[in-house]
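Participant: Pasting in a structure now, in structure tokens, and then I'll have a few things to ask.
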Amino acid sequence: QVQLVESGGGLVQTGGSLRLSCAASGGTFSFYDMGWHRQLPGKEREFVARIIRSSGSTHYADSVKGRFTISSDNAKNTVELLMDRLNPEDTAIYYCTARQSTWSNRFWGQGTQVTVSS
């Protein structure tokens, strides 16, 4: 049973930074990509960023491009999201995600709250 456990959320002021981490565990697996989604208050979950493990290629939502940086450690099965220049519109629950292929379902973490005060 694959488990994704996030850490690093919290409260930060506008313009500040936070680093989210996610560790995967639970048996033998090989992920195609790992990434992050978020759910803003009253909204549906949305894509934030992902990294393709074999190539290191990264993809970002337009709303975070240039401010967020995703990285991974394949040996440790971890993924991090460095979030800079945060603003209140980034307030959300952030979920770690992973897929074993482009056509497989995503695994989800339990989520970590990020709150940006104005």
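The values are calculated or read from the model by the stated rules, or taken from the named source; none is laboratory data. All of these numbers come straight from a predicted model, not from anything done at the bench. Cβ: placed from backbone, ideal geometry, glycine included. Neighbour counts: every protein chain shown. Accessible surface is based on the protein model in full, side chains and every heavy atom, while ligands, DNA and RNA are left aside. Shrake-Rupley method; radii C 1.70, N 1.55, O 1.52, S 1.80 Å.
Participant: Please state which of the following conditions ILE70 fails to meet, knowing it meets all the rest: (1) in contact (Cβ under 8 Å) with a residue 60 or more places away in the chain; (2) within 17 Å of THR112 (Cα to Cα); (3) open to solvent by less than 30 Å² (accessible area, probe 1.4 Å).
Facilitator: Of (1) in contact (Cβ under 8 Å) with a residue 60 or more places away in the chain; (2) within 17 Å of THR112 (Cα to Cα); (3) open to solvent by less than 30 Å² (accessible area, probe 1.4 Å), only one is false for ILE70: (1).
Participant: Still on this structure: Restricting the first residue to region 1-27 and requiring it to be more than 17 Å from CYS96 (Cβ to Cβ), which pairs with a second residue that is small (Gly, Ala, Ser) and open to solvent by 60 Å² or more (accessible area, probe 1.4 Å) meet a Cβ separation below 7 Å and a spacing of at least six or different chains?
Facilitator: THR14/SER118
Participant: Quick one: is LEU82 open to solvent by 30 Å² or more (accessible area, probe 1.4 Å) and either in contact with a Ser or Thr (Cβ under 6 Å, 6 or more places away or on another chain) or of a type in the set (Lys, Arg) (or both)?
Facilitator: Yes.
Participant: To continue, here is another question. Could you name every one of the strands (runs of 3 or more DSSP E) located completely within region 1-61 that has at least 3 residues being open to solvent by less than 50 Å² (accessible area, probe 1.4 Å) and either over 23 Å from PRO88 (Cβ atoms) or among the charged types (D, E, K, R) (or both)?
Facilitator: Here the list reads 18-25, 33-39.
Participant: Does ARG67 qualify as being among the basic types (Lys, Arg), at pLDDT 95 or above and touching a strand residue (DSSP E or B) at 6+ places or on another chain (Cβ under 6 Å)?
Facilitator: Against the criterion (among the basic types (Lys, Arg), at pLDDT 95 or above and touching a strand residue (DSSP E or B) at 6+ places or on another chain (Cβ under 6 Å)), ARG67 does not qualify.
Participant: A further question on this structure: Can you spot a residue in region 84-91 that is touching a Gly at 6+ places or on another chain (Cβ under 9 Å) and either of a type outside the set (D, E, K, R) or not in a loop (DSSP other than H, G, I, E, B) (or both)?
Facilitator: Yes - at least one qualifying residue is present in region 84-91.
Participant: Mind checking which pairs have a first residue in region 103-117 that is on the phi < 0 side of the Ramachandran plot and open to solvent by 60 Å² or more (accessible area, probe 1.4 Å) and a second that is assigned to a loop (DSSP other than H, G, I, E, B) and of a type outside the set (Val, Ile, Thr), Cβ under 8 Å, 6 or more apart or different chains?
Facilitator: GLN113/GLY9
Participant: Same structure again: Out of the residues in region 85-102 that are charged (D, E, K, R) and in contact with a strand residue (DSSP E or B) (Cβ under 7 Å, 6 or more places away or on another chain), which is surrounded by the fewest Cβ atoms within 10 Å (Cβ to Cβ)?
Facilitator: In this case the residue turns out to be ARG99.
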